[in-house]
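Here, each number is a calculation from the coordinates, and none is a lab measurement. Keep in mind it's a predicted model, so treat the numbers as computed, not measured. Positions of Cβ are backbone-derived with ideal geometry, glycine not excepted, and every protein chain shown enters the neighbour counts.
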Amino acid sequence: MRVKLVITDLDNTLLRRDKTVSDRTVQAFRRLRELGIRTSFATARPKRAVFQYLDILEKIEFDAMVFHNGAVIYCGGALAANYGISPEMAGELSREFARMGLRVGVEIDDRNYANYDAGAEWEGMQYVLTDFAYLPDKPADKIIIHKPEKADIERVQAMLPENLYVEMNEGVLGLIMSREATKLRAMRFLSEKYGVAPPEIAAFGDDLNDVEMLRESGFGVAVSNALDDVKAAADHICGDCDDCGVAQWLERRVIAESGR
């Protein structure tokens, strides 16, 4: 089966540990475009954190971009889908989590509202300090619990309505999102959007939020620095993110086999 769509995680997958992208990776993705193969990234990061702090978008022209784990999807530079948390629910939950003594952030319209010094945790990050008494009357892309204990996550999970879920990211953030907001659902959206069947998709990742996407894609690839559970879910293991693992796999399994 020929690959027609490539979807990749960013941090510690397509990007090296220092958050840069290698020239080899850039060239591989440019070659994919020449071959008519669609490309997208899928990240838990908000839009501003990709546009402001990463140089990747200056070097690679992606067909689609997936932010907030699938809550926000752009195709061709235009917003294509948005799966958020209602303003009422976001306010209610964030206030309750704050009363529990948790450090909470709410992402609304690409801005972070937090009850702690979020700028000290993420250097240069702009945020609004708040007690969540008043939030913009817009859906939240996600609610973030910063460095929660396991017991905190269990309490949070028990409080969530059925249409929301909580997932750990990189072992330090509890991300609360709509059940419509997952990388798997984003992959399905792009599959339908571009007329590409799941067996024709190659997906790359390293963390737990990549597992479902890797399992359903035709070519689920974990980088060698991925968590063990991610490797177990993958069809293939490629090289380390610092060794251009994604580019190497694409060169060998997609570009070379294209015959062009």
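Observations
- Among 50, 97, 191 - extreme Cα towards positive end, dipole of the chain, charges at beta-carbon: 191
- Largest GNM mean-square fluctuation across 107, 170, 121, computed for the chain with C-alpha springs under 10 Å, falls on 121.
- Span from the region 37-104 Cα centroid across to the region 19-34 one, whole angstrom: 23
- Counting neighbouring Cβ atoms within 10 Å and putting the fewest first, the residues 213, 187 line up as 187, 213.
- Dipole-positive endmost among 151, 211, 74 within the chain (Cβ charges, Cα centre): 74
- Of the labelled figures (1) 60, 35, 35; (2) 60, 50, 36; (3) 69, 40, 38, only one reflects Cα extents along the principal axes in Å as derived from the coordinates, namely (1).
- Partner lysines for residue 138 [C-alpha distance under 27 Å; skip if fewer than 8 residues away on the same chain]: 47, 147, 183, 193
- Between residue 33 and residue 151, the modelled label-to-label distance comes to 5.2 nm, taking each label 7 Å out from Cα in the direction of the beta carbon.
- Sequence-distant aspartates and glutamates (8 or more away, or on other chains) whose Cα lies within less than 20 Å of residue 4: 34, 61, 63, 192, 200, 210, 212, 216, 235, 251, 257
- Fully extended contour minus Cα-Cα distance, from residue 48 to residue 228, at 0.36 nm per residue: 61.8 nm
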